[in-house]
Amino acid sequence: MSRIAYVNGRYVPHRDAVVHVEDRGYQFADGVYEVSAVRDGVVIDMEPHLDRLERSLRELSISPPMSRAALAVVIREVVRRNRVRDGLFYLQITRGVARRDHAFPAAARPSVVVTARSVDPARAEAMARQGVGVITVPDIRWERCDIKSVSLLPNVLAKQQARAAGAYEAWLVDEAGRVTEGSSTNAWIVDRDGALVTRSIDNAILSGITRAAVMELARLQQIRVVERSFTLDEAKSAREAFITSTTSYVLPVVSVDGVKIGNGQPGEVARRLRELYAGYMAGQQDRRQAGR
Ligand code: PDD
């Protein structure tokens with residue numbers, strides 16, 4: 001089956017899905033994006049992702065290219081046309097095409113691209129059962145990491161360093177020795193008292209949609225959540241560690257820079273939260289099937 005992408009108003013074969021060479025996304029990384037999971041054909045957390053997208057656009061003064069409802073229709077249509085049951089969609093909006101000049105163009109129409117692809121859920125489950133290793137690297141990003149911008153070079157370099165070291169993720173560490181977040185995930189630990197600790201939302205991290213959902217699920221289970229920074233030393237001596245994102249859900253971390261976390265096996269709390277999160281996603285499928 002051939003893949004289909006949405007590019008500026010048209011559904012086109014993936015291999016023909018192109019934007020102009022003077023697109024500002026290409027030349028300046030002048031754009032934003034969203035990624036969300038698809039489970040059983042249902043887009044997970046569509047509304048919070050669209051909320052965050054609108055905020056990112058606002059922060060960069062890019063006008064929304066279409067209504068929120070229209071965007072949701074396009075996303076669902078791309079998912080449907082690609083017959084994605086389990087996988088993800090990717091959406092990117094840039095400031096558009098204009099003669100190269102750093103300042104905003106007087107008139108440019110934002111470019112919109114949406115793609116979707118399947119991901120094998122069995123592989124993700126196998127990884128969750130084993131847990132993953134993370135390495136740490138200095139956080140060399142800018143001061144607006146709250147904007148989900150396509151300007152991801154430091155994240156790309158960090159992730160590549162992780163891969164080269166045989167790790168799944170790189171945690172970014174600020175000048176004070178505190179973990180900000182992962183290159184494409186939010187970072188969590190479980191402290192000695194069994195409380196979840198994750199950095200509070202500020203400009204140094206992305207406000208993860210999965211982070212928010214997991215936080216709520218934990219609170220419903222009377223698991224204490226503390227929003228504060230934690231240091232690398234704290235992480236290494238934590239009872240458990242894990243990461244969250246739209247594509248990895250809740251993924252246990254079993255080592256940090258080669259140091260075992262807990263007994264080096266996925267922790268109980270992380271495992272439980274992953275289960276709860278699976279139930280949360282299944283609940284969205286039920287609601288959609290019921291037409292709500
Ligand atoms: N990344 N922090 C960063 C830097 C991220 O890029 C992401 C998501 C997250 C987690 O956010 P959420 O729970 O909303 O997915 C945190 C996506 C998956 C990506 O770039 O592919």
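Of note:
- Filtering region 20-37 to residues that are out of contact with any Pro (no Cβ under 9 Å at 6 or more places or on another chain) and either more than 13 Å from the ligand (Cβ to nearest atom) or not assigned by TED's automatic domain parsing to the domain that holds Ser111 (or both) leaves His20, Val21, Glu22, Asp23, Gly25, Tyr26, Gln27, Phe28, Ala29, Asp30.
- Condition met for Arg219 (away from the ligand (no atom under 11 Å from the Cβ), of a type in the set (D, E, K, R) and crowded, with 16+ Cβ neighbours inside 10 Å): no
- Looking only at residues in region 134-148 that are surrounded by fewer than 20 Cβ atoms within 10 Å (Cβ to Cβ) and part of a strand (DSSP E or B), the one that is nearest to the ligand (Cβ to nearest atom) is Val137.
- Residue in region 102-110 that is surrounded by 19 or more Cβ atoms within 10 Å (Cβ to Cβ) and in a strand (DSSP E or B) present: no
- Which listed residue, of Val78, Val84, is crowded, with 16+ Cβ neighbours inside 10 Å, modelled with pLDDT of 95 or more and under 23 Å from Thr185 (Cβ atoms): Val84
- Val156 being over 24 Å from His49 (Cβ atoms) and within 15 Å of the ligand (Cβ to nearest atom): no
- Sub-8 Å Cβ pairs linking a first residue in region 53-81 that is more than 22 Å from Asp23 (Cα to Cα) to a second residue that is in a helix (DSSP H, G or I) and modelled with pLDDT of 95 or more, at least 6 apart or interchain, are Arg68/Leu50; Arg68/Glu54; Ala72/Met46; Ala72/Leu50, ordered by first then second residue.
- Every residue from region 175-216 that is farther than 19 Å from Pro48 by Cα and surrounded by fewer than 16 Cβ atoms within 10 Å (Cβ to Cβ): Glu175, Ala176, Gly177, Arg192, Asp193, Gly194, Ala195
- Qualifying residue in region 59-71 (condition: in contact with a strand residue (DSSP E or B) (Cβ under 6 Å, 6 or more places away or on another chain), over 19 Å from Ser248 (Cβ atoms) and of a type in the set (A, V, I, L, M, F, W, C)): no
- Verdict on Ala128 being over 22 Å from Ala29 (Cβ atoms), modelled with pLDDT under 95 and assigned to a helix (DSSP H, G or I): no
- Exactly one residue out of Gly166, Gly182, Gly131, Gly87 is over 26 Å from Leu60 (Cβ atoms) and within 13 Å of the ligand (Cβ to nearest atom), and it is Gly87.
- Region 38-69: number of residues that are part of a loop (DSSP other than H, G, I, E, B), more than 16 Å from the ligand (Cβ to nearest atom) and closer than 30 Å to Tyr280 by Cα: 5
The values are calculated or read from the model by the stated rules, or taken from the named source; none is laboratory data. Quantities reported herein were computed from a predicted structural model and do not represent experimental measurements. Neighbour counts are summed over all protein chains in view; Cβ atoms, including those assigned to glycine, are modelled from backbone coordinates with ideal geometry.
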